[in-house]
Amino acid sequence: MKPTTRRTLAAVITGVAAAVGAAATPAAAVDTVPVPVPLDGVEKSLNVELPKLGGEIPLPMPGAPEGPQYVEGRLLPERVIPQLPVTGGLPGAGVHAPLPHILGDDFDHVGVGAPASDLRTLAPGLSVDAPLTAPNADNFGLPEPKLPQVGVLTPVLQTVPGANLVAGPGL
């Protein structure tokens, strides 16, 4: 193979690899959407310092459910209706307000912040077994009757919320 052909082939492979890598990574993954509360007009018209308010709304992202699991000895899979995972967050809020020097001259503002926290959930699922057993060789290959089984897979909710309270000069 000529050196020119090798360089051309290497350039093509590098370009394809770069394109695949760029397509695999999202351009901008946004977890929350900020929600400001505009009070500037009221503050200017009344000539007073009002609290600064804002919030964050999380974007829920559905995941891929785990498929049915086939178990030996059962006619139906273990999870007939699989649990759907959803990740997102709890909404966040922030308040920053003036404080009339109650705590001393160094403390003229107070702020409360509750940032958006991660939230992981699993929807409820269902597991059902048929009222027949697997084919039995002792019964000429016919299944035998049995009691049907139904199980509900419980939903899951996991999060760790938090909040901050701060006081200081001109936060």
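Quick notes
- Those strands (runs of 3 or more DSSP E) of the range 1-116 in which at least 3 residues are at pLDDT 80 or above and loosely packed, with under 15 Cβ neighbours inside 10 Å, considering only elements entirely within it, cover 32-37.
- Any chance R120 is open to solvent by less than 60 Å² (accessible area, probe 1.4 Å), basic (K, R) and out of contact with any Phe, Trp or Tyr (no Cβ under 7 Å at 6 or more places or on another chain): no
- Restricting attention to the range 127-143 and to residues that are in contact (Cβ under 8 Å) with a residue 12 or more places away in the chain and among the hydrophobic types (A, V, I, L, M, F, W, C), the residue that is nearest to V80 (Cα to Cα) turns out to be V128.
- Among (1) in contact with an Asp or Glu (Cβ under 8 Å, 6 or more places away or on another chain); (2) open to solvent by less than 50 Å² (accessible area, probe 1.4 Å); (3) assigned to a loop (DSSP other than H, G, I, E, B), the one test that S127 misses: (3)
- Some residue of the range 58-77 being touching a residue at least 40 places away in the same chain (Cβ under 8 Å) and under 20 Å from S117 (Cα atoms): yes
- Residue in the range 141-171 that is least open to solvent (accessible area, probe 1.4 Å), counting only those that are of a type in the set (A, V, I, L, M) and either farther than 30 Å from P62 by Cα or assigned to a loop (DSSP other than H, G, I, E, B) (or both): A167
- The condition of being open to solvent by 60 Å² or more (accessible area, probe 1.4 Å), modelled with pLDDT of 85 or more and not in a strand (DSSP E or B) holds for D138.
The values are calculated or read from the model by the stated rules, or taken from the named source; none is laboratory data. Computed from a prediction, not measured in an experiment: that's the story for all the values here. As a convention, Cβ positions derive from the backbone with ideal geometry for all residues, glycine included, and neighbour counts pool all protein chains shown. Accessible surface is based on the protein model in full, side chains and every heavy atom, while ligands, DNA and RNA are left aside. Shrake-Rupley method; radii C 1.70, N 1.55, O 1.52, S 1.80 Å.
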